[in-house]
Every structure is written in C-alpha cells, then in structure tokens.
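Heads up, the thing below is written out as structure tokens.
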Amino acid sequence: MTLVVTATLRRGFAAGARVAVAPLVTDSILIAVSVLVLRQLPATWRAVIGLLGAAVVLGLAIRTWVEARSVTALPTAVGHRGELRQGAAVNLLNPQAWIFWTAVGAPLLVRTAQERPWAAVGFLAAFFLLLIGSKVVLAALLARGRHLLSVAGYRYAMTACAFLLVGLAVLLAWRGLQDLGLAQRL
C-alpha cells in the first residue's frame, strides 16, 4: 500500500495504478505454487494450515488495529520510476503474500474448488477486484488531493479493516476445526 501512496504522490494516478496492478503479475505465481503443494497434502494437514492461516490473519488484524490507533500522519515513502516492476518485486519478495496464499488463500481456494469450482473462480475474481480496486481507488483519491484523506479517515478505514480481518480469522478457524472434526464438539 505504501508503494501505491508513494507512486501516486510523486507521479500521479497512472503511477499509483501501475503499482496497484502488480498482484495480477505476482499472485498468479504465488497461487500456482501454493495450490500445487496443497493438493498433495492430506486433508488433516490442510486443516492445520488453515488454522495457522487463521492465526496469521488474526495477527494482521491486531497489527492493523495497533496502526490505526497510533497513526499520526498519512504514510509516505520515497519512490522511483518503474512502478509496476517495483511493485511486482516487492510483492514476490513479501513473505506476507506467500504466507497468505500458502496458509489462507490456497487452502480456501482448494477446498472451495473441490466443492463448487465456480465459487473458487468467484473467490479469485472478488479477491483481485477488491485488492486491486481498493489500491486504484486509493491512488485516485490521493491523486485528486491529499486533503481528501485525513488522518482520522485513515484511522477509521484501518479500524474497519481490522474488524474485517478478525471476522476472516474466525471463519478460517471454524473451517479448520470443521475439517478436523472438532467443530461439532464446540
């Protein structure tokens, strides 16, 4: 997200949008590797990975909540030309992207594809629409003027994201417990 902000503030909407679409290039690699590995694992291991994914998402929620409470200014950083290449490199080397697709995204995708293949396609479409769309919208807002996004607005948005992440963590944990046959005992 910081790269989108940086590119937009330094070079305008087009630069920020180029960074925003980087996941279209990189996440296909992450998804393919994660899904191919997960298809070879027994269901119990996938359930355990899903529970680990719930813990990862909960950690992200906590970090997002802490950031929302402590931010005093909008994030800024220094950028340079080659925004798409830079965004792709950062995404490929970002351990959080690998952790997400290995622990959260791919298990959800594999399970959904086994039950309802079109739902898996819908998941990917919605994921990329929201991921890239939110970054493009952020780039557009920043390009129109920094005054459109106040620190208070940023805090509210980050707090909402934290709550959404907690909801996702609960869902992933519940599915992992179901796959292990433990959910009915609760």
TODO: Give the residues of the range 144-173 that are farther than 21 Å from Glu67 by Cα, at pLDDT 80 or above and over 20 Å from the mean Cα position of the chain (by Cα), sorted by residue number.
DONE: Arg144
Open item on the list: Please determine whether any residue of the range 109-132 is among the polar types (S, T, N, Q), in a helix (DSSP H, G or I), surrounded by fewer than 18 Cβ atoms within 10 Å (Cβ to Cβ) and in contact (Cβ under 8 Å) with a residue 40 or more places away in the chain.
Closed with: no
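May I ask you to say which residue of Ala47, Ala32 is surrounded by 13 or more Cβ atoms within 10 Å (Cβ to Cβ), modelled with pLDDT of 80 or more and of a type in the set (Gly, Ala, Ser)?
Details: Ala32 fails: surrounded by 13 or more Cβ atoms within 10 Å (Cβ to Cβ).
Criteria check complete, one pass: Ala47.
Would you pick out the residues in the range 90-108 that are of a type outside the set (A, V, I, L, M, F, W, C), within 13 Å of the chain's Cα centre (by Cα) and part of a helix (DSSP H, G or I)?
Matches in the range 90-108: Asn91, Pro95, Gln96, Thr102, Gly105.
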Task: Qualifying positions in the range 91-108 - more than 17 Å from Leu131 (Cα to Cα), surrounded by 12 or more Cβ atoms within 10 Å (Cβ to Cβ) and of a type outside the set (S, T, N, Q) - done: Ala103, Pro107
Task: Hits in the range 16-55 - residues which are of a type in the set (A, V, I, L, M, F, W, C), part of a helix (DSSP H, G or I) and more than 28 Å from Ala173 (Cβ to Cβ) - done: Ala17, Val19, Ala20, Ala22, Leu24, Val25
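The values are calculated or read from the model by the stated rules, or taken from the named source; none is laboratory data. In this text the structure is predicted, and so the values were computed from the model without any measurement. Every residue, glycine as well, gets a Cβ built from its backbone with ideal geometry; the counts of neighbours run over all protein chains shown.
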